[in-house]
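Novice: Sharing a structure with you now.
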Amino acid sequence: MGDSGDFLELLGYDMSIDVLRRLDDPADLARVSSLSRSWHQFVANKGFYKKLCIRMFPELKCCSCVVEQDNLTRPSEVGPSNFNEQDATAMEDRVFALLARELKSTIRKDNCILAAICASSTDNDPDESIVNTLDSSDIVDQRPSYWSSKGASNPEVPETLTYRLCSKLCIIEEVNIQPFKALFQDGHPIYSAEAVRFRLGFSKKTVYSLSHSEEEVVAAERFDDDDGYIWTYVSPRFPMVQENCLQTFTLPRPALCIGGILQIELLGRVQKQEMDGLYYICMCYVQVKGQPLPPVFDVEMSAAKTCLLKYCPQADCSSSPTASGEDANPTSSGGWLALADRIRQSRQVGARVWSRVRFLNALLGNVAVVHNEDEVEEGEVHIEHRMN
């Protein structure tokens, strides 16, 4: 039987942080956190769940504070008698653990648009309103259904279409846009844009509240201009082809929309109208594919470009990282025991004087490990290993 010891003590403080921050699955962090009180406290104090969420979705960097819905007072405003720093740390760890599990789940591809807010310009309002882009039908009420910009002599003049999503927290994977084909004009021209770009964020002027109806919120947002929004994500520029089909623009990675606002930038005009010699952009249908987070998660936005992440524990908590037995059992995977064994073996051959890079490389080696679940006790891991 080899010597027993605590994984964190064997690895050392700095190296423990370096190793654990490389985990990319919340289930692994759940296993680490469930092994002992000291490990759980280490994971919570260092905010590994929050760091994992930010690695998956960098937009979460703007989350400055976390609060549970049944205690809406911010931790910094609560006295030490009823909400101390340790309570705040435990709460943040718990909320980000639940969030990480949700963010790691498979993304559905639902249409996440709730309402159209405004367009940068409209040629004939309301007949050619942005609202028409929410209907996939080419013909509505026996007339073509599309949005049209105002004409411009300069083909470089951009346009924007702004929408409100179905949730203030939505994972967005792709945007689908169909340019309009004017069958009532000679030559059946297609008024596409040269390129598109997408912005995700929130409105600085609107405070979302349960006391406001959907119509009131959208009406207030209609008065926002380009300076009225804070964007937490901006996509690359995508070329658009001049075809009357639903064109798919997949983001380089899924992005988290914090605030529920999506804006489509239409860059460059390619089609001139014969009757006035001006360039127009016209779109007949827009889809935003992704998945809203469950209602247990919410955000409160700030004009300071930060947000308060809220969690309601009374709602369904089935997404907890420790809800399923296989994830909660720290010995369900031999990986951690093998890792601890390689650490102990490295120490025996003088790993304490190795460089960090060589030491991390050593952890990737193959060592035969035999472990017994009954030998896992609080605060320590007992391992018997065979040396080749």
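Novice: List the pairs whose first member sits in segment 266-280 and is open to solvent by 30 Å² or more (accessible area, probe 1.4 Å), whose second member is of a type in the set (D, E, K, R), and whose Cβ atoms are under 6 Å apart, counting only residues at least 6 apart or on separate chains?
Specialist: Within 6 Å, the pairs are VAL270/GLU194; TYR279/ARG269; TYR279/LYS272.
Novice: Sticking with this structure for a sec: Looking at VAL196, VAL234 in this structure, which one is open to solvent by less than 10 Å² (accessible area, probe 1.4 Å), within 22 Å of ASP110 (Cα to Cα) and at pLDDT 95 or above?
Specialist: On the way: VAL234 fails: open to solvent by less than 10 Å² (accessible area, probe 1.4 Å).
Going through VAL196, VAL234 in turn, the sole match is VAL196.
Novice: Give the residues of segment 269-295 that are assigned to a loop (DSSP other than H, G, I, E, B) and farther than 21 Å from THR250 by Cα, sorted by residue number. Steps first, answer last, please.
Specialist: The initial filter retains those residues of segment 269-295 that are assigned to a loop (DSSP other than H, G, I, E, B), namely 270, 273-278, 281, 293-295.
VAL270, GLN273, GLU274, MET275, ASP276, GLY277, LEU278, ILE281, PRO294, PRO295, listed by residue number.
Novice: Out of (1) closer than 27 Å to GLY201 by Cβ; (2) in contact with an Asp or Glu (Cβ under 9 Å, 6 or more places away or on another chain); (3) open to solvent by less than 70 Å² (accessible area, probe 1.4 Å), what's the single condition that is false for LYS150?
Specialist: Failed condition: (3).
Novice: Continuing with this model, one more query. For GLU300, which of the numbered conditions (1) of a type outside the set (Lys, Arg); (2) under 14 Å from SER149 (Cα atoms); (3) open to solvent by 30 Å² or more (accessible area, probe 1.4 Å) fails to hold?
Specialist: GLU300 satisfies all of (1) of a type outside the set (Lys, Arg); (2) under 14 Å from SER149 (Cα atoms); (3) open to solvent by 30 Å² or more (accessible area, probe 1.4 Å) except (2).
Novice: Any idea which of ARG108, ARG21, ARG55 is more than 25 Å from TRP231 (Cβ to Cβ) and either open to solvent by 20 Å² or more (accessible area, probe 1.4 Å) or modelled with pLDDT of 90 or more (or both)?
Specialist: Working: ARG108 fails: more than 25 Å from TRP231 (Cβ to Cβ); ARG55 fails: more than 25 Å from TRP231 (Cβ to Cβ).
On inspection, the qualifying residue turns out to be ARG21.
Novice: With the structure loaded, tell me whether GLN273 is polar (S, T, N, Q), within 19 Å of ASN111 (Cβ to Cβ) and either at pLDDT 95 or above or touching a strand residue (DSSP E or B) at 6+ places or on another chain (Cβ under 8 Å) (or both) or whether it fails that test. Steps first, please.
Specialist: Numbers: polar (S, T, N, Q): yes; within 19 Å of ASN111 (Cβ to Cβ): no; either at pLDDT 95 or above or touching a strand residue (DSSP E or B) at 6+ places or on another chain (Cβ under 8 Å) (or both): yes.
Taking the combined requirement at face value, the residue does not satisfy it.
Novice: Still on this model: For VAL288, work out the one condition from (1) modelled with pLDDT of 95 or more; (2) among the β-branched types (Val, Ile, Thr); (3) open to solvent by 50 Å² or more (accessible area, probe 1.4 Å) it doesn't fulfil.
Specialist: Result: VAL288 fails condition (3) only.
Novice: Considering SER137, SER129, which residue is modelled with pLDDT of 80 or more, surrounded by fewer than 15 Cβ atoms within 10 Å (Cβ to Cβ) and of a type in the set (Gly, Ala, Ser)?
Specialist: Values: SER129 fails: surrounded by fewer than 15 Cβ atoms within 10 Å (Cβ to Cβ).
The match here is SER137.
Novice: Quick test of your reading of the structure: LEU293 fulfils all but one of (1) surrounded by fewer than 17 Cβ atoms within 10 Å (Cβ to Cβ); (2) within 21 Å of ARG164 (Cβ to Cβ); (3) not basic (Lys, Arg). Name the failing condition by number.
Specialist: (1)
Novice: Follow-up question, since we're still on this one. Only one of these is within 20 Å of the chain's Cα centre (by Cα), of a type in the set (Ser, Thr, Tyr), at pLDDT below 95 and farther than 19 Å from THR133 by Cβ: SER319, SER346, SER332. Name it. Steps first, please.
Specialist: Details: SER346 fails: within 20 Å of the chain's Cα centre (by Cα); SER332 fails: within 20 Å of the chain's Cα centre (by Cα).
So the residue among SER319, SER346, SER332 that is within 20 Å of the chain's Cα centre (by Cα), of a type in the set (Ser, Thr, Tyr), at pLDDT below 95 and farther than 19 Å from THR133 by Cβ is SER319.
The values are calculated or read from the model by the stated rules, or taken from the named source; none is laboratory data. Not measured: the values here are computed from a predicted model. Cβ sites come from the backbone with ideal geometry, for glycine too, and all protein chains shown count toward neighbours. Keep in mind that these areas ignore ligands, DNA and RNA; they rest on the heavy atoms of the full protein, side chains included. Shrake-Rupley method; radii C 1.70, N 1.55, O 1.52, S 1.80 Å.
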